[in-house]
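Take a look at the structure below.
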Amino acid sequence: MITDILTAVAVVAAVGIICAVLLALASHFMSVKSDERVGSIRECLPGANCGACGYTGCDSYAKAIVEEGAKTNLCVPGATAVAEKVAAILGVEADAVESRTAFVHCNGHNGAAEEKAIYEGIKSCKSECLIYGGSKACIYACVGCGDCASVCPKNAICVEDGVARINKKLCIGCGLCVKTCPKGIISLIPTDAKAIVICSNKEKGAVVRKECTNGCIACKKCEKTCPSDAIHVENDLAVIDYGKCISCGKCAEVCPVGCILFPKEK
Amino acid sequence: MDTFRNLIIILMSSVLVNNYVLSRFLGICPFLGVSKKLDQATGMGVSVIFVMLVATAATWPIQHFVLDELGLGYMQTIVFILVIAALVQFIEIVLKKYIPSLHASLGVYLPLITTNCAVLGVTINNITDGYNFIESLVSSLGAGLGFLLAMVLFSGVRSRIENCDAPECFKGLPVTLIAASIVSLAFFGFAGVVDGLFA
């Protein structure tokens, strides 16, 4: 009886010890030196693994900073504080975190957008959108019930003339409205972005014409005019790549329907 | 010829009929966890095939030359867990040193597999089914291929589910589990196919 127990214990212990020795030897002889900065940068990062930096998680972002020279200011939750710490470890100058604000890509205010029905239900974008995509003819249009305004923690959104508008000065770029909008027409854009496409309609030009006077008709004039190849018509809608945009404002000048916003210098 | 036929039957039955995920319900956590995207599902599947083969190659001799000799068959589970965990760790160290590219692609999945019940299940089933060494390896290969097949099929199903408008209370895991059970039912259609193939 006792010998049975002892053999069992001895065998398992022996297997364990053999494995342990093997692993210890392996990790000693085959260890790969890793850059210690990766570890210390990883400790600075928030560890939320949110992916806002464009990498799969905090681990791979830390690795990318050291090995691929990724920018130090990509962590959105950590903001400037983290960017500074990371830059200190690397011994480089800290870049400010690019601040972003939300923008409603629709200019179908009452008068511009055709109505296809009158909605008299609960005042909520979500419920209005359930009925044939809302009262406006354009299914990409802001229905203007203000679901986004009710979730905004800074009261930066109000509905003007049937379309939600965001006060850039109050917006903190949290993105709650982006998630709430049932039409998906709110997006986060760089705060210093000048040219903004203020339409989300992905229909062909002729259809857009019937639905709204302010809609993008995909004429591609902006695409041809742009000197820096930053604006492209994708799925019959102009889209600006802010990595390339030089804020020259030429696209806004040539747009025949005025769906590109470009505030003039004051 | 007979041995070859026997091996094919073992392979096909562990891929289709006794699929470890969909018929024996082992290894469900990676099945649900890493099946969101096709490339991740494939990576996990390939890693599992690899680990299953290596684990079988290591545990079969231990069972027959150590445990059975000493009459310690009942210690099977504990010893196998110990050996598989150490083995996977060892493979990871070796890969990191000599094949960094493979380590980069398998690296995320290897630690997940360490405690995967499908791997332990395969090694133990090989013993209980009384397979010899070659048969065990073939059966592990089949189990791994079956796992890969299930992962790839289900990642396709899941990408369809992501886009569908499920009721609020079903969104996320519930609807995924229902879909998994339907895929599993579909696999029960294979029962009896293998015997018929070589009759």
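For the structure I just gave you, tell me whether B:Thr128 is among the hydroxyl-bearing types (Ser, Thr, Tyr) and under 15 Å from the mean Cα position of the chain (by Cα). No.
Scanning the range B:50-82 for residues that are under 15 Å from B:Asn132 (Cα atoms), touching a helix residue (DSSP H, G or I) at 6+ places or on another chain (Cβ under 8 Å), away from chain A (no Cβ under 13 Å) and surrounded by fewer than 20 Cβ atoms within 10 Å (Cβ to Cβ) returns B:Leu53, B:Ala57. Restricting attention to the range B:108-128, the residues being free of Cβ contacts under 8 Å to residues at least 40 places away in the same chain and surrounded by 13 or more Cβ atoms within 10 Å (Cβ to Cβ) number 3. A:Gly205 fulfils the conditions (1) within 18 Å of A:Pro263 (Cα to Cα); (2) modelled with pLDDT under 90; (3) not charged (D, E, K, R) except for a single criterion, (1).
Out of B:Ser155, B:Ser105, B:Ser159, B:Ser139, report the one residue that is surrounded by fewer than 17 Cβ atoms within 10 Å (Cβ to Cβ), among the hydroxyl-bearing types (Ser, Thr, Tyr) and under 30 Å from B:Phe90 (Cβ atoms).
Working: B:Ser155 fails: surrounded by fewer than 17 Cβ atoms within 10 Å (Cβ to Cβ); B:Ser159 fails: under 30 Å from B:Phe90 (Cβ atoms); B:Ser139 fails: surrounded by fewer than 17 Cβ atoms within 10 Å (Cβ to Cβ).
Going through B:Ser155, B:Ser105, B:Ser159, B:Ser139 in turn, just one is surrounded by fewer than 17 Cβ atoms within 10 Å (Cβ to Cβ), among the hydroxyl-bearing types (Ser, Thr, Tyr) and under 30 Å from B:Phe90 (Cβ atoms): B:Ser105.
A:Ala156 passes every criterion in (1) crowded, with 20+ Cβ neighbours inside 10 Å; (2) touching a Lys or Arg at 6+ places or on another chain (Cβ under 9 Å); (3) modelled with pLDDT of 90 or more apart from (3).
Quick one: is B:Phe90 under 24 Å from A:Val11 (Cβ atoms), in contact (Cβ under 8 Å) with a residue 24 or more places away in the chain and buried (at least 16 other Cβ atoms within 10 Å of the Cβ)?
No, not satisfied.
Restricting the range B:88-103 to residues that are at the interface with chain A (Cβ under 8 Å from one of its Cβ atoms) and under 20 Å from the mean Cα position of the chain (by Cα), the residue that is farthest from A:Leu22 (Cα to Cα) is B:Gln89. Among the residues of the range A:1-20, those that are part of a helix (DSSP H, G or I) and more than 7 Å from every other protein chain (Cβ to nearest Cβ) comprise A:Ile2, A:Thr3, A:Asp4, A:Ile5, A:Leu6, A:Val9, A:Ala10, A:Ala13, A:Ala14, A:Ile17, A:Ile18, A:Ala20.
Looking across B:Ala118, B:Ala85, one residue alone is within 12 Å of chain A (Cβ to nearest Cβ) and not β-branched (Val, Ile, Thr). It is B:Ala85.
Within the range B:78-133, the set of residues being of a type in the set (Phe, Trp, Tyr) and farther than 21 Å from B:Val34 by Cβ comprises B:Phe80, B:Phe90, B:Tyr98, B:Tyr131, B:Phe133. Scanning the range A:28-43 for residues that are in a helix (DSSP H, G or I) and touching a helix residue (DSSP H, G or I) at 6+ places or on another chain (Cβ under 6 Å) yields A:Arg37, A:Val38, A:Ser40, A:Ile41, A:Arg42. Pairs are defined by a Cβ separation below 7 Å, a sequence spacing of at least 6 or placement on different chains, a first member in the range B:51-73 that is without any contact (Cβ under 8 Å) to a residue 60 or more places away in the chain and more than 23 Å from B:Leu112 (Cβ to Cβ), and a second member that is small (Gly, Ala, Ser) and surrounded by 14 or more Cβ atoms within 10 Å (Cβ to Cβ); the pairs so defined are B:Leu72/A:Ala8. Scanning the range B:19-49 for residues that are in a loop (DSSP other than H, G, I, E, B) and buried (at least 22 other Cβ atoms within 10 Å of the Cβ) yields B:Asn19, B:Tyr20, B:Val21, B:Leu22, B:Gly27, B:Ser35. Within the range A:119-135, the residues that satisfy the criterion of being free of Cβ contacts under 8 Å to residues at least 12 places away in the same chain and more than 28 Å from the chain's Cα centre (by Cα) are A:Glu120, A:Gly121, A:Ile122.
Would you check which residues across the range A:209-248 are touching a strand residue (DSSP E or B) at 6+ places or on another chain (Cβ under 7 Å), aliphatic (A, V, I, L, M), in contact (Cβ under 8 Å) with a residue 40 or more places away in the chain and farther than 15 Å from A:Lys194 by Cβ and list them? Answer for the range A:209-248, where residues must be touching a strand residue (DSSP E or B) at 6+ places or on another chain (Cβ under 7 Å), aliphatic (A, V, I, L, M), in contact (Cβ under 8 Å) with a residue 40 or more places away in the chain and farther than 15 Å from A:Lys194 by Cβ: just A:Val239. The number of residues in the range A:130-147 being surrounded by 19 or more Cβ atoms within 10 Å (Cβ to Cβ) and farther than 17 Å from A:Cys199 by Cβ comes to 3.
The values are calculated or read from the model by the stated rules, or taken from the named source; none is laboratory data. Computed from a predicted model, the values in this text were never measured in an experiment. Heads up, the Cβs are rebuilt from the backbone with ideal geometry, glycines too, and the neighbour counts pull from every protein chain shown.
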